[in-house]
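Encoded as structure tokens, the structure appears first; notes follow it.
Bear in mind these aren't lab numbers, they're just calculated from the coordinates by the rules spelled out. Computed from a prediction, not measured in an experiment: that's the story for all the values here. Don't worry about glycine lacking a Cβ; one is built from the backbone with ideal geometry, like all the others, and counts go over all protein chains shown.
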Amino acid sequence: MNTAHPNHSFISSEDVEGTGVYDQNRNHIGDVDHMMIDKISGRVVYAVISFGGFLGLGHSHYPLPWAKLSYDTKLGGFLTDVSEKQLRDSPAFSDDSWESRDWEKNVHNHYNVPTYWGM
């Protein structure tokens, strides 16, 4: 079910999940698997990008700072200046990475984007 409202600037999170992510050359590099939201501010701070695998198995997840994405209405997906190689070369990610500000700093440095908590 598509819950997007074309005349509003809002979109449901269920419509963002699965949206394609494309590099500057409009090559599909992955899809938004889910988003990470800062509990205090309510801001979306990461899109976790998935790619690879087959039939849902063996795919990889790479957190990308939300600030690196912009929605392209003609493409129907998110554009980024990040390449698939840059995603693959990002700091190693595990479920406990979210507990480390040092890991988050490394991610933001890797993508050359300011930290969300410093904005």
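Ordered from longest to shortest, the equivalent ellipsoid semi-axes for the chain are 22, 18, 15 Å, each the square root of 5 times a Cα gyration tensor eigenvalue. In this simple spin-label model, placing a label point 7 Å from the Cα along the Cα-to-Cβ direction at both residue 85 and residue 71 gives a separation of 3.2 nm.
Could you order peptides 43-51, 72-80 by the average number of other Cβ atoms within 10 Å of their residues, highest first? Please list the in-between numbers first.
Values: 43-51: 19.3, 72-80: 14.4.
Going by the mean number of other Cβ atoms within 10 Å, highest first, we get 43-51, 72-80.
Please report the antiparallel percentage of DSSP beta bridges with both residues in region 13-111, rounded to the nearest 5. The partial results should precede the final answer.
Values: 19 of 21 bridges.
Given both bridge residues lie in region 13-111, the antiparallel proportion sits at roughly 90 percent.
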